Amino acid sequence: MTTRKPTHPDAPLILHDHKRPVTRRDFLAQGFLSGVGLVMAPTVLGMFGARRANAQAFVCSVRAGAGLVPFIVLDLAGGANIAGSNVLVGGPGGQLDLLTAAGYSQLGLPSGMTPGNANQVNTEFGLAFHADSAFLRGMLSKTSTTTRANVNGTIFCARSDNDTGNNPHNPMYGINKAGANGDLVALVGTDASDSGGNSAAPMAMIDPSVRPTKVASASDATGLVDTGKLVSLLNQTQAGQVAKAAEDISAIKLTKVAEDPNLEELVHCSYVQTTDLISRFGNPDVVNPNLDTDIVGTGTSIFTATELNQARFQKSAAVMKLVVGGYAGAGTIEQGGYDYHDGTRATGEDRDFQAGQMMGSMLEFAARKAAPLMLYVISDGALTSNGMIDNSTGGRGKGQWTGDNSDAAATFVLVYSPTGPPALTRPNANQIGYYRPNGSVETAATAVANNVTLLAQSIVLNYLALHNRAGEFASVLPMNGLGSGTALDNLIAFAPIV
C-alpha cells in the first residue's frame, strides 16, 4: 500500500530514477512541455528556390482531398502503459488467452483484477479492454452507445525503446503515400518535428514536400486559410473575382518582364492557388473547431467550454476538425507526460483517463460527421509494476508503476465506420502477435514484434486493407520488409470498409 499522493494530471513528473531533463524530449515525456501551436507553411520565395534547384519538382495545381479514410495518430510521449491494464493482451490464442498471475502483475493488474475473473473484460469498442481501464473510462465519457457499436480495433504486441524520439513509430508519410490527402494540406501535427509528434517517422517513408504543418489550436487551423482582409472588405464571390482579375493582369505583365520562365510560372501558380483558396475557403470559420457545435457550444457537444480551454483538448479539436473534415489527409496529436512511473498508480490513471477522453472525442466526432476514422495510439516504450498496490482512491487498488519496461510495450488501432463495426479478417485478429506468460512481448511471434519500422509499415498495410487495396502495398512501400503472401495476411486485422 502506498502513502504517496498522485501527481496532478497537468503537473510535471520529477523521477528520481531518471537523469535531470535536459532535452526537449525529456521535458515532453515528463510533462514539463505538452506542445504549443504554430502554423508553418512554405513561402513563395521558398517555393521558387526549390523550383530552381529541381526543375521537375514544381507542379502547378490546387489541392483536392483524396476521399480516403481519415487517419489520426495519438502519440503519448514518455512510455505509457497500453498492454494489460488498458488494452488486454494474451498468448497465441488472442487477447483472452490468459497470462500468468505474475505476468499480469507486471502489467499492473493484481490477482483479483485479471481478465480470468468475472466482470473484468469490456468489448464495447470491439477490442477487449480491461473493464477498469482508464483509457476505456475516458473513451466511454466522450462516446455514445451508437458510436461504440460501430468501432473495432486491434492491438499490436510489439516492443519499442523507452523514453526516446528515435522510435520510427509514426506512419503518416506512408499513409500519405497510400493516397491520403486533404483539401488544404496533406498532413498536420501538433509538434514542429518531421513526424508532427514525439516519435520519429521511418526514414524511407519521409517526403519533405508533405512535411506536417504544425496545428495545435483553433487559431492554427484558421490560419491555414487566412486570405487577409480581402474577404472581409468584400464578399466571398467578389473577393474571388478580384483575385482572378489580378491573376489575369499579372499574367500579361509577367510575359513582358519576366526573364526567368520559372518565376513567371511560379507567380502565376500562386495566383491560381490563392483564387481557389478564396473561392472554397474564403471564410476561415469553416475550419474553426471552436465554432463547430458538435465540438463545443451546446449541452450535447463533445467538449464543455472549460474542457476546451485545456491544451490537450484544443489539440484534439483542431486536428480532428481538419482530418475528419477532409481538410487534412492525416494528423498527429502529441501529448506529453506519459513517463508516469512515480511510485503511485493514481498519477498514471489520471493521465490515461485524459488520453482516453482524447481518443473518445475523435471517435465521437467522426460519428457525428458520418465519416470513418482510423485512430492509431503509440508511445515510446512502456513501464512496469513491482506488484505493490496503490489502494488510494485514485490508485483504484492496482499495481504501482515503478520503472520503464520496453518489453511490455504495444500499440493499438481503433477504426470507426458509419456503416457498422469493421469486420475482422479472422478470429482473434483483435491481437497481432502475442505476449509470453510472464507479461513480455514474444519477439519471435511476428516480423513487427521487435522492429518498430516494420510495425509502422504494417499500419500502412492495414490502412490499405480498409480500402480493399492491400494488393497495392508493395507499390506504395516498395522497400518494405514485411514479406508477402501469408506473412502479410497475418498482419491485416480488418476487412475493407470502403
Considering residues that are assigned to a loop (DSSP other than H, G, I, E, B) and of a type in the set (S, T, N, Q), the number found within region 196-224 is 3
Listed residues 444, 410; which is within 20 Å of residue 168 (Cα to Cα) and free of Cβ contacts under 8 Å to residues at least 24 places away in the same chain? 444
Would you check if residue 167 is open to solvent by less than 30 Å² (accessible area, probe 1.4 Å), within 17 Å of the chain's Cα centre (by Cα), among the polar types (S, T, N, Q) and farther than 30 Å from residue 222 by Cα? yes
Residue list for region 95-124, filter: under 22 Å from residue 427 (Cβ atoms) and open to solvent by 60 Å² or more (accessible area, probe 1.4 Å): 96, 98, 123, 124
Could you check region 455-488 and list, in sequence order, the residues that are of a type in the set (Val, Ile, Thr) and in contact with a Leu (Cβ under 8 Å, 6 or more places away or on another chain)? 460, 476
From the list 162, 181, pick out the single residue that is in contact with an Asp or Glu (Cβ under 6 Å, 6 or more places away or on another chain) and either of a type in the set (Asp, Glu) or part of a loop (DSSP other than H, G, I, E, B) (or both). 162
Can you spot a residue in region 429-440 that is among the basic types (Lys, Arg), open to solvent by 50 Å² or more (accessible area, probe 1.4 Å), in contact (Cβ under 8 Å) with a residue 60 or more places away in the chain and touching a helix residue (DSSP H, G or I) at 6+ places or on another chain (Cβ under 9 Å)? yes
Would region 296-312 turn up any residue that is closer than 18 Å to residue 223 by Cα and among the hydroxyl-bearing types (Ser, Thr, Tyr)? no
Here is a list: 342, 350. Which entry is touching a residue at least 24 places away in the same chain (Cβ under 8 Å), assigned to a helix (DSSP H, G or I) and out of contact with any helix residue (DSSP H, G or I) (no Cβ under 7 Å at 6 or more places or on another chain)? 350
Residue 131 being modelled with pLDDT of 95 or more, more than 15 Å from residue 86 (Cα to Cα) and among the hydrophobic types (A, V, I, L, M, F, W, C): no
Yes or no: region 130-146 includes at least one residue that is at positive phi, in a loop (DSSP other than H, G, I, E, B) and touching a residue at least 40 places away in the same chain (Cβ under 8 Å). no
Counting only residues that are open to solvent by less than 10 Å² (accessible area, probe 1.4 Å) and closer than 15 Å to residue 460 by Cα, which one in region 176-186 is farthest from the chain's Cα centre (by Cα)? 178
Selection count where residues are in contact with a Leu (Cβ under 8 Å, 6 or more places away or on another chain) and either open to solvent by less than 10 Å² (accessible area, probe 1.4 Å) or assigned to a loop (DSSP other than H, G, I, E, B) (or both), scope region 149-159: 6
Here the residues within region 386-415 that are open to solvent by 30 Å² or more (accessible area, probe 1.4 Å) and touching a His at 6+ places or on another chain (Cβ under 8 Å) are 402, 404
Filter region 460-477 for residues that are open to solvent by 40 Å² or more (accessible area, probe 1.4 Å) and farther than 17 Å from residue 447 by Cα and give the result. 468, 469, 471, 472, 475
Only one of these conditions is not met by residue 358: (1) surrounded by fewer than 24 Cβ atoms within 10 Å (Cβ to Cβ); (2) out of contact with any Asp or Glu (no Cβ under 8 Å at 6 or more places or on another chain). Which number is it? (1)
Over region 365-381, the set of residues touching a helix residue (DSSP H, G or I) at 6+ places or on another chain (Cβ under 7 Å), in a helix (DSSP H, G or I) and open to solvent by 10 Å² or more (accessible area, probe 1.4 Å) is 367
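The values are calculated or read from the model by the stated rules, or taken from the named source; none is laboratory data. Not measured: the values here are computed from a predicted model. When we count neighbours, we look across all protein chains shown, and the Cβ atoms used for this are built from the backbone with ideal geometry, even at glycine. With ligands, DNA and RNA removed, areas are computed over all heavy atoms of the protein, side chains included. Shrake-Rupley method; radii C 1.70, N 1.55, O 1.52, S 1.80 Å.
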